[in-house]
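Below you'll find the structure, written out as structure tokens, and then a few comments.
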Number of protein chains: 2
Amino acid sequence: MELGAYSFGDTQRNADDSLRSTSEAITNLFEAIKLADRSGLDYFGVGEHHTTSMPASSPGAIIAAAAAATEQIKLGSAASIISTDDPVRIYQQFATADIISGGGRVEITAGRGSSVETFPLFGYDLEEYDELYANKLDLLMTINDSQAPEVTWSGNKRPALNDLAVVPRPAQGKLPIWLATGGNASSSARAGQLGLPVSYAIIGGAPHRFAPLADLYRKAGAASGHAPETLKVSVAAMGLIAPTKKEALERFYPGWYNLNLEMGRLRGWPAPDKRAYDIQAEAPGAYYVGDPDEVAERIVHLHGYLGHMRHFLQMDVGGIPQEQLLESIELLATEVKPRVQRLLEKK
Amino acid sequence: MELGAYSFGDTQRNADDSLRSTSEAITNLFEAIKLADRSGLDYFGVGEHHTTSMPASSPGAIIAAAAAATEQIKLGSAASIISTDDPVRIYQQFATADIISGGGRVEITAGRGSSVETFPLFGYDLEEYDELYANKLDLLMTINDSQAPEVTWSGNKRPALNDLAVVPRPAQGKLPIWLATGGNASSSARAGQLGLPVSYAIIGGAPHRFAPLADLYRKAGAASGHAPETLKVSVAAMGLIAPTKKEALERFYPGWYNLNLEMGRLRGWPAPDKRAYDIQAEAPGAYYVGDPDEVAERIVHLHGYLGHMRHFLQMDVGGIPQEQLLESIELLATEVKPRVQRLLEKK
């Protein structure tokens, strides 16, 4: 089982809750990726957001830099919002990053956009949400599946390519492309039909409720003739590890509160509720917040339902202090990971 | 005077002149940038091309990686084809790279596209060549000049921004933005009027013929009220340094031949002519090919005409062997640069 982290580069906060600079947020994110690599974590994902509180707007640039500054960790977007970007550009950036990584460490995760701020920013129409995604995913896969640099493709949401080179090509010929979903059934079926590995973002509710979706995914994949080993499941969830469960709960709460306050203001929700936090932070809730023993047990418990091969955590929600983020990354790599392996071997 | 190099990541060739992989080309380019940094070169520019013989399609990704892997060198695009890209994306990538560089080492050079392969690749109309450039340059400058992350802009070649965040912001608030031109008069006047530093690509003819353009640029800048110290000129030219002039001429020729053969096939030119090469490679021709003494003297000679503050060379034209490229970079940094400084001090 691969363990990892992901981040949107959350901006840290001053004592009065005002935001520090977006520049500091990117510096901290980059430091976290380098520590994850040194600690032995398997994967780091960089999300795409475009706000002052989450300024990781260019996963391609951050991952290219991380490819140069790391040795062993796998790097991916989590996710690239392909609906409102150009798959040719995304492919070029990630292929470049893959080459710089030494080859074979860089992946693309293709998303539709859970937050929708990219639509006005890049001049797209939200009414075309589904069509943009389907069309651009098709182009991304066409480029990746092409045997030669020259690609021919046509669709209705992006100008056609008529035997035009998309370069550079990744060192190993193809990039792993994951399909990201918040968990609707049609996305699971689509991922299976396309034979793409699927990444479930589980940000609320009991994670084991995703078991029927993972079943649907594997059945759709098998029905479309894809080999079982190509049908991989990963889980992206929120969480934080600290030496004790009490510390983990206390450290994760202020950032969770900030995030929900901000989202609530944008979307008209009521003020964040501490009871909701407590429910999500205890098994079988959505958050993996605890000491290494508990987090390891909960990941293995979920594995019994989903059979997932990668579990990665968003730890810096709402801009927690950098030293707490770094400690959590180190504990995940050095304490949680061996526990997960032992527990899985016992099964 | 700053000395530097630039590259489109030219793909090396096998003995039978067939191209090696684009992946190897990017690996070699990245190695060259790291050596340029270690050797003490002042600047490395990465151009944007989209062909199997020049696969550096994502200057933003390469420069972000280079920012992570270098200590002192300034890094820029040379150039970003802004006409057929989105200035918001370009700004986000280069601001991210600048932050990862430690702040203050990353620049954007905005170009229209000397080769036009990006127009069909990204679905733009060549008839809008001038209008796309003007419009997108205006957006790029508006983002850079904004005091806050939130930007408001409208134009006719890109959807409007209405108080939308463009993040992250570079560590130092703004990025240097250069205007690239092959040397037409209206571009020089425009750069001056906008108060942008100008980068002349001198790829043929006698370089000192650019003196009237540099004068026009400075006069237009002064007439628009820009301070003389903001009106900087740089020169991008082809060239190669070797221990002896004979070696330099012999090493640079095969790549030059390959490049001109390929361009000739695309554009209907006759076969490359060795006499044309010899004329360009001797003073006052366009190519800076020689031993350290001669190249230093020729750069300082041009400085008498242009007063430029940066001179950087494209050395890997047509895919010369990597060891010859690396030797040229090292000679430029360690042999040419001190000679140029001594000659300028004597003046």
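Per this entry, A:Gly4 is counted among residues that are over 24 Å from B:Ser57 (Cβ atoms) and within 13 Å of the chain's Cα centre (by Cα).
Pairing residues of region B:265-279 that are part of a helix (DSSP H, G or I) with residues that are among the polar types (S, T, N, Q) and surrounded by 12 or more Cβ atoms within 10 Å (Cβ to Cβ), at Cβ distances under 9 Å and at least 6 apart in sequence or on separate chains, gives B:Leu266/B:Ser115; B:Ala276/B:Asn260; B:Tyr277/B:Asn260. Do the conditions hold for A:Ser23, that is, is it hydroxyl-bearing (Ser, Thr, Tyr), part of a helix (DSSP H, G or I) and more than 9 Å from every other protein chain (Cβ to nearest Cβ)? The answer is no for A:Ser23. Taken together, the residues in region A:96-118 that are more than 8 Å from chain B (Cβ to nearest Cβ) and either at pLDDT 95 or above or under 25 Å from A:Ala68 (Cβ atoms) (or both) amount to 11. Looking across region A:181-217, the residues that are in contact with a strand residue (DSSP E or B) (Cβ under 9 Å, 6 or more places away or on another chain) and over 25 Å from A:Ala283 (Cβ atoms) come down to A:Ser187, A:Arg190, A:Ala191, A:Gly192, A:Leu194, A:Leu196, A:Pro197. The residues of region A:232-285 that are crowded, with 19+ Cβ neighbours inside 10 Å and among the β-branched types (Val, Ile, Thr), listed by number, are A:Val233, A:Val235, A:Ile241. When A:Ala206, A:Ala220, A:Ala160 are checked against the criterion of being aliphatic (A, V, I, L, M) and within 14 Å of another protein chain (Cβ to nearest Cβ), A:Ala160 stands alone in meeting it.
Return the residues of region B:35-75 that are facing chain A (nearest Cβ under 9 Å) and assigned to a helix (DSSP H, G or I); say none if nothing qualifies. Hits for region B:35-75 are B:Gly60, B:Ala61, B:Ile62, B:Ile63, B:Ala64, B:Ala65, B:Ala66, B:Ala67, B:Ala68, B:Ala69.
Within the set A:Leu121, A:Leu139, the sole residue that is more than 22 Å from B:Phe94 (Cα to Cα) and either of a type outside the set (Ser, Thr, Tyr) or within 9 Å of chain B (Cβ to nearest Cβ) (or both) turns out to be A:Leu139. Of all residues in region A:139-170, those that are of a type in the set (D, E, K, R), over 22 Å from A:Gly104 (Cα atoms) and surrounded by fewer than 17 Cβ atoms within 10 Å (Cβ to Cβ) total 2. Annotation note: Cβ proximity below 6 Å between a residue of region A:310-328 that is under 26 Å from A:Pro197 (Cα atoms) and a residue that is open to solvent by 10 Å² or more (accessible area, probe 1.4 Å) and at pLDDT below 95 (sequence gap 6+ or interchain) occurs for A:Val317/A:Leu259. With respect to the conditions (1) over 30 Å from B:Ala191 (Cα atoms); (2) within 12 Å of chain A (Cβ to nearest Cβ); (3) over 18 Å from the mean Cα position of the chain (by Cα); (4) assigned to a loop (DSSP other than H, G, I, E, B), B:Thr11 falls short on a single one, namely (3). Kindly indicate the residue of region A:214-256 that is of a type in the set (A, V, I, L, M) and more than 22 Å from A:Tyr43 (Cβ to Cβ) and also farthest from the chain's Cα centre (by Cα) among those meeting that condition. Top of the filtered list is A:Ala223. Restricted to region A:76-93, and to residues there that are open to solvent by 10 Å² or more (accessible area, probe 1.4 Å) and touching a strand residue (DSSP E or B) at 6+ places or on another chain (Cβ under 6 Å), the residue that is nearest to the other protein chains (Cβ to nearest Cβ) is A:Ile81. On inspection, B:Ala189 passes the criterion of being free of Cβ contacts under 8 Å to residues at least 40 places away in the same chain and more than 9 Å from chain A (Cβ to nearest Cβ). The residue that is farthest from B:Thr244 (Cα to Cα), among those in region B:286-334 that are open to solvent by 40 Å² or more (accessible area, probe 1.4 Å) and of a type in the set (Ser, Thr, Tyr), is B:Tyr305.
In this structure, A:Ala201 qualifies as surrounded by 16 or more Cβ atoms within 10 Å (Cβ to Cβ) and either farther than 30 Å from A:Ala65 by Cα or more than 14 Å from every other protein chain (Cβ to nearest Cβ) (or both).
The values are calculated or read from the model by the stated rules, or taken from the named source; none is laboratory data. Treat the numbers as computed from the prediction; the structure is a model and nothing was measured. Every residue, glycine among them, receives a Cβ derived from its backbone with ideal geometry; neighbour counts consider all protein chains shown. The accessibility values were calculated without ligands, DNA or RNA, using every heavy atom of the protein model including side chains. Shrake-Rupley method; radii C 1.70, N 1.55, O 1.52, S 1.80 Å.
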